[in-house]
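Notes for the one structure printed next.
Just so you know, all these numbers are worked out from the coordinates, no wet-lab data involved. Remember, predicted model here, so these are calculated numbers, not experimental data. Counting neighbours? That spans all protein chains shown, and the Cβs are built from the backbone with ideal geometry, glycine included.
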Amino acid sequence: MNISHIEHIGIAVDNLEESILYFEQVLGLKCYTIEEVVDQKVRTAFFLVGTTKIELLESTSSDGPIGKFITKKGQGIHHIAFAVDNTTEALKKAEERGVKLIDKVARKGAENLNIGFLHPKSTHGVLTELCSKQK
Ligand code: ZN
């Protein structure tokens, strides 16, 4: 699978602007981009912490994945994303090793990365994203 580092940690938030204020004014980090991912029904804000990013996720619709997560669990850590060489290959390898997948093949995520999710039922409760720059 060849994981090189933790690419980002995804955090579900109620209100993107309020959360950005906390990350900037209290933690002293700088939001470098805000991006809407329409098919995921989210608005995202990114911060760089060393080589790892923090991805804040605000739902744009209560029936989207983040909207449902917040209704069920409230704000908090939503997923961890590992950087791999090739997301589709890494998904295939995980499946061969008995992991249940949410995505069979990579799709486009925020920051134009190729992303795919492993099912938390197979990952000890942690929603796990794999991402890569190339297919
Ligand atoms: Zn993510």
Inset, instruction - Quickly work out the Asn2-to-Leu21 label distance, labels modelled 7 Å from Cα along the C-beta direction, and quote it in nm with one decimal. - result: 4.5
Legend entry - region 3-117: relative contact order in percent, alpha carbon pairs under 8 Å with at least 6 residues between: 29
Inset, instruction - Could you tell me which of the pairs Lys73/Lys108; Lys68/Lys108; Lys30/Lys72; Lys41/Lys92 are separated by over 23 angstrom between their Cα atoms in the structure shown? - result: Lys73/Lys108; Lys30/Lys72; Lys41/Lys92
Legend entry - For region 3-117, size of Cβ-based charge dipole, Lys and Arg +1, Asp and Glu -1, in debye: 440
Inset, instruction - Please report the Cα spread of region 16-99 along all three principal axes, rounded to whole Å, starting with the longest. - result: 44, 33, 22
Inset, instruction - Run the quick spin-label model on Thr60 and Lys30: label points 7 Å from Cα toward the beta carbon, then report their separation in nm to one decimal. - result: 2.7
Legend entry - Whichever lysines have a C-alpha closer than 16 Å to that of Lys121, once near sequence neighbours (fewer than 8 apart) are set aside: Lys100, Lys104
Inset, instruction - Indicate, rounded to the nearest 5 percent, the antiparallel portion of the DSSP beta bridges found entirely in the chain. - result: 70
Inset, instruction - Using a cut-off of 10 Å between beta-carbons, work out the net charge of the residues near Leu101 (Lys and Arg +1, Asp and Glu -1, Leu101 not included). - result: +1
Inset, instruction - Show that you can apply the helix-only estimate: for the chain, add -39,500 (n - 2.57) for every DSSP H stretch of four or more residues, divide by all residues, and state [θ] at 222 nm to the nearest 500. - result: -5000 deg cm²/dmol
Inset, instruction - Using a Förster distance of 35 angstrom, determine the FRET efficiency expected from the C-beta separation of Ile102 and Asp14, and round it to 0.05. - result: 0.90
